[in-house]
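Notes follow once the structure below has been shown.
Nothing in this text is a laboratory measurement; each read-out follows from the coordinates by a stated rule. It should be emphasised that the depicted structure is a prediction, and the values quoted were computed from it without experimental measurement. Neighbour counts are summed over all protein chains in view; Cβ atoms, including those assigned to glycine, are modelled from backbone coordinates with ideal geometry.
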Amino acid sequence: MRTILKVGKKGVIVLPKAFREKIGIEEGDEVLVEVVNDTIVLKPLKPRIVDIDPNMVSSILAEERGEWEERLDRAVKEISS
């Protein structure tokens, strides 16, 4: 997507609706603005909602929990020695 925009009073630039819809920006949202070399980059700050399988989340959490329990057991053994 590309377009040419005019800078208005006080440096205001209006992003076309198609651009806002494409990246999910709505009125009131915050946008990160940064200059990279000679390019202005806009990034939406609101988190994107991702649909995740609950079983997958449970599996990942169980795996992480197991790893932390192993670390804790090793730490307790080291302290007890």
### Message
If I compute percent of Cα pairs over 17 Å apart from the structure I just sent, which labelled value in (i) 54; (ii) 70; (iii) 36 lines up?
### Response
(ii)
### Summary
Note to self, the chain gives a 222 nm [θ] from helices alone (DSSP H runs n ≥ 4, -39500 (n - 2.57) apiece, / all residues, nearest 500) of -14000 deg cm²/dmol
### Task
Enumerate the aspartates and glutamates that residue 22 could reach by cross-link, defined here as Cα to Cα under 18 Å, with residues fewer than 8 away along the same chain left out.
30
## Note on the structure
Heads up, region 1-43 by the C-alpha gyration tensor (a ≥ b ≥ c square roots of eigenvalues; a/c under 1.5 rounded, else a/b over b/c prolate, else oblate) looks rounded
### Task
In whole Hz, with x marking every Gly and Pro, tabulate ³J(HN,Hα) for region 64-77 from phi via Karplus 6.51 cos²θ - 1.76 cosθ + 1.60, θ = phi - 60°.
4, 4, x, 5, 5, 5, 4, 4, 4, 4, 4, 5, 5, 5
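So, with +1 on the Cβ of K and R and -1 on the Cβ of D and E, and no other charges, what is the size of the charge dipole of the chain about its Cα centre, to the nearest 20 debye?
Values: 14 positive and 16 negative charges, 174 e Å.
I would put it at about 840 debye.
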### Near-label residues of region 14-28 by backbone N, under 15 Å of a point 7 Å along Cα→Cβ of residue 45
25-28
